[in-house]
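*Asks:* Sharing a structure below in structure tokens format, with a few things to ask.
Derivation of every value follows stated rules applied to the coordinates shown; laboratory data play no part. This structure is a prediction, so every number in the text was calculated from the model and none was measured. Heads up, the Cβs are rebuilt from the backbone with ideal geometry, glycines too, and the neighbour counts pull from every protein chain shown.
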């Protein structure tokens, strides 16, 4: 970023010296705006505190897509990460990581995941994740809508960050990956939403959480039941 800013500044100085006074002033004003924008760029990746426990910190971070990333294949392009830190030991681990991966084959394809919402109560952290599966096409920007794909709810124990499992969310009864529990969520959208570090579709309830028209109840670390909400819209976070 510093190198790019320096190059821009040098080019502008050359143009200003070779331009009429009024045009030179305009070029300097434009350069100032560009340099100010580049200086603010790192703030887009500043970690956001999601939750704080007795000996834990949960942060969310967005690493935005840059055009120059498109030249690299089999590397995540943009996305989010949810990081869990234990202050007493300094240990950090990733709970959720999303992004777009281009598959380096003759036929262009990609796999994209999006974090759609995060919520936390006194005991658990909940995360809703969307996955495109492998798609034979050019990858879309994570800010654009995408039809199809699959949704899942991931749960973590806040005290130590361990996974309590995940549940495949289905709009109607059907097949889910072998070995993964599923729940009917009638409020699932037809088009995948944009990524979000906020609550998104999640809503906290007593001893659990709800999303997309289905509620999940827990006893400590154990998921004891899930049930449909009377009105699917009640599962949407606000």
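*Asks:* Over region 155-216, what is the relative contact order in percent, taking alpha-carbon pairs closer than 8 angstrom and at least six residues apart?
*Replies:* Details: 70 pairs, mean separation 14.3, N = 62.
So the answer I get is 23 percent.
*Asks:* Right, next: For residue 162 and residue 88 in one chain, what is 0.36 nm times their gap in residues minus the Cα-Cα distance, to one decimal in nm? If you can, show how the numbers build up before the last one.
*Replies:* Numbers: separation 74, 0.36 × 74 = 26.64 nm, distance 1.69 nm.
So the extension gain works out to 25.0 nm.
*Asks:* Each label point is 7 Å from the Cα along the Cα-to-Cβ direction; what then is the distance between the points at residue 122 and residue 137, in nm?
*Replies:* Here the modelled spin labels are 4.7 nm apart.
*Asks:* Next question. Taking the square root of 5 times each eigenvalue of the Cα gyration tensor, what semi-axes in Å does the equivalent ellipsoid of region 128-218 have, largest first?
*Replies:* 23, 16, 14
*Asks:* Could I ask something else about it? What is the diffusion coefficient of region 85-238 in µm²/s, taking the Kirkwood radius over Cα pairs and the Stokes-Einstein relation at 20 °C with a viscosity of 1.002 mPa s?
*Replies:* 131 µm²/s
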